[in-house]
Structures are given as structure tokens and as C-alpha cells.
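Taking it in order: structure first as C-alpha cells, then the write-up.
A short reminder: the numbers here are calculations on the coordinates, not readings from a lab. Keep in mind that what you see is a predicted model, and the values were worked out from it rather than measured. Using ideal geometry, Cβ is built from the backbone for each residue, glycine included, and neighbour counts are taken over all protein chains shown.
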Amino acid sequence: KACSLLMKDLWLARLSRPDIQHAVCYLATHVTKWTRNDDKRVARIAGYLLNTLDYALSGYIADPAEKLELVLYVDANFCGDWDDTKSTSGGMLFLQGPCSSFPLLWISKRQTSTSRSTTEAEVVSLCDAIYKEGLPMLDLFELLFGRSMCLWCQEDNQATIKVVQKGYSPKLRPVLRTH
């Protein structure tokens, strides 16, 4: 029964509730080794959903296509899992303009290897989000709008910004901004 509820929560997280995606994906990794603590976690997610029924993912477009840009917000935690020392990458891609903000996709993914610092976890998250999500969407929207667009990356870790701007591709230098 818990697995059935978990799959429904995963479906909900994919469609419209990015706030529960990390917790649901974490529990999905425990399906083969389920414990009483996992039952408590599922109950906690269900309680959270019941208390946040009025939460809704919303977006609005009030600008012409030539004023819209892609904005990618990226973050990572450092050794955030209790089970192992792997970090989690997170991100959210928006189509934004002066009077527009429309969420396109969100990411919550456990990294495949252990990072040795917060900066390393952030760089892995940034590169993953840019190359797997941001650039393909940039190509799609350039094709749809028939013009070149910008992909702005928002990163909150100053060390990561400095590492990426100095040591990585010159193409990324103008697109990194802090929030």
C-alpha cells in the first residue's frame, strides 16, 4: 500500500508539486528495503499534502516572445543523505520576462559520486542542469521563437561562480549570475 501511495506522490511531484519531489524520490530508493521509518516518512508526506492542498504551481506569460528568456536556478546540498555521502542536485527552469514567469521543468537528482566540498557538489549540479536540461530547452525555444535566446543561470555559491567563470568554458562566463 505504501508503494502505491508513493507512486501516486511521484506522479503528483512530476506534474505540479516540485516541493515534494526530493522526499518522494528519496523514498523511491527504499522500495526494496522498506522499514517502519519509511512508513512514517510516507505518512509525513501525506500529512504535508493534506495541509497544503491550496499550494499550486502557477505561471503567467504577459510579454511578447522577443522579451522572454530562459532562467535556470541551480542548487545542491553537500552530503545530504543519511544513507550515504552523496549530494543532491536541484534546479528549476523558467521562461521569464519583465512581466512573465512560467516554470518549465524542475530537477531533483542524487549525484552519482561523493563530492569532497560544497563547491564541487554545486559545480556538478550546475553542469548537469545546463547540459542536460538548459541547453536542450534553449535549442527548442530558439527553434520555436525563430531567434537566438539567452540562458541565464542563477547560482548562490560565490566559490562556484568564481570556479566556473575562471576555469570552464568561455560560453558560460556571461550567463552566470547570483541571486
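Quick look at the numbers
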quantity	calculated
Stretchable slack from residue 14 to residue 162, in nm (0.36 nm times residue separation minus alpha-carbon distance)	50.0 nm
Gain on full stretching of the segment that runs from residue 113 to residue 39 - 0.36 nm per residue minus C-alpha separation	23.9 nm
Nearest 10 degrees, 0 to 90: helix 158-167 Cα axis against the chain principal axis	50 degrees
Residue-averaged [θ]222 nm for the chain, counting only DSSP H segments that reach four residues, each worth -39500 (n - 2.57)	-12500 deg cm²/dmol
Degrees separating the helix 118-129 axis from the principal Cα axis of the chain, which is the longest one	70 degrees
Magnitude of the charge dipole, segment 72-119, Cβ model with Lys/Arg +1 and Asp/Glu -1, debye to 20	120 debye
Where trypsin sites (Lys or Arg not before Pro) fall in DSSP loop in segment 1-94, at most 10 other Cβ within 10 Å	1
Distance between segment 99-117 and segment 22-40 - C-alpha centres, whole angstrom	21 Å
Principal-axis tilt of helix 135-145 within the chain, Cα atoms, nearest 10 degrees	60 degrees
